[in-house]
Amino acid sequence: MIIVFDSLTGQAKKFAKKLNLSSYDISQYRPTAEDEILLVTRTFNFGEIPEPTKNFLDSHANRVKGVCVSGNRNWGQNYGAAGDKIAQIYDIPLIIKFEASGFDRDVSVVKNWIKNQINIKGEQNYVNV
Ligand SMILES: Cc1cc2nc3c(=O)[nH]c(=O)nc-3n(C[C@H](O)[C@H](O)[C@H](O)COP(=O)(O)O)c2cc1C
């Protein structure tokens, strides 16, 4: 499992780094055959999926096992709405919506999700939870 992040002001990137797996900026991602990806992205412009995330998913959605989305509750109904849209359009599980770069408990939820995915696959990767 690797992390790919789409981050404009750095919050989603900070969250991605807390997960202790290899992480790649969405603009620099180059696919390799075996990649299984956790996408960490953000919500933009009244609940929209950011353009780099859309382009990425249009090419690589089949490799993406889950999505985490940053947002801000001040946006009310549009809070983290990119995550709902990604789940709906691309059929990718929404793991969590988080504010800014995430609280410790948000990070724990996602680390546990990663651990479960790896257990299901029987991979040898070590995740530091
Ligand atoms: C122009 C703009 C529009 C935004 N629209 C939303 C929104 O609709 N819903 C939401 O939850 N957050 C919204 N946000 C908040 C960002 O998703 C939030 O600040 C996020 O942490 C940014 O991630 P980044 O630092 O990785 O770019 C918006 C922020 C900006 C600057």
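Read-outs throughout are calculated quantities, based only on the coordinates presented, and are distinct from any laboratory measurement. Just so you know, these numbers come straight off a predicted model, no measurement behind them. In this analysis, Cβ positions are derived from the backbone assuming ideal geometry, glycine residues included, and neighbour counts consider all displayed protein chains.
Worth pointing out:
Residues are listed down the side, and each one gets a yes or a no for (1) within 16 Å of ILE2 (Cβ to Cβ); (2) in contact with a strand residue (DSSP E or B) (Cβ under 9 Å, 6 or more places away or on another chain); (3) among the polar types (S, T, N, Q):
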| residue | (1), (2), (3) |
| --- | --- |
| SER23 | yes, yes, yes |
| TYR29 | yes, yes, no |
| GLU34 | yes, no, no |
| LEU38 | yes, yes, no |
| THR41 | yes, yes, yes |
| PHE46 | no, no, no |
| PRO50 | no, yes, no |
| ASN55 | no, no, yes |
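- Unmet requirement for GLY80, which otherwise passes all of (1) within 15 Å of the ligand (Cβ to nearest atom); (2) under 19 Å from TYR24 (Cβ atoms): (2)
- Pair list, Cβ under 7 Å, 6 or more apart: region 84-102 residue in contact (Cβ under 8 Å) with a residue 40 or more places away in the chain and assigned to a loop (DSSP other than H, G, I, E, B), other residue surrounded by 15 or more Cβ atoms within 10 Å (Cβ to Cβ) and of a type in the set (S, T, N, Q): ALA100/GLN11; ALA100/SER70; SER101/GLN11
- Odd one out for SER108, checked against (1) assigned to a helix (DSSP H, G or I); (2) more than 12 Å from the chain's Cα centre (by Cα); (3) surrounded by 15 or more Cβ atoms within 10 Å (Cβ to Cβ): (3)
- Total residues in region 17-33, condition under 22 Å from ILE118 (Cα atoms), among the aliphatic types (A, V, I, L, M) and free of Cβ contacts under 8 Å to residues at least 40 places away in the same chain: 1
- Single residue of region 62-73 satisfying the filter (in a helix (DSSP H, G or I) and touching a strand residue (DSSP E or B) at 6+ places or on another chain (Cβ under 9 Å)) that is surrounded by the fewest Cβ atoms within 10 Å (Cβ to Cβ): ARG73
- Within region 1-54, the set of residues being aromatic (Phe, Trp, Tyr) and outside any strand (DSSP E or B) comprises PHE15, TYR29, PHE46.
- When the residues of region 50-71 are filtered to those that are more than 27 Å from LYS115 (Cα to Cα) and not charged (D, E, K, R), the one that is farthest from the ligand (Cβ to nearest atom) is ASN55.
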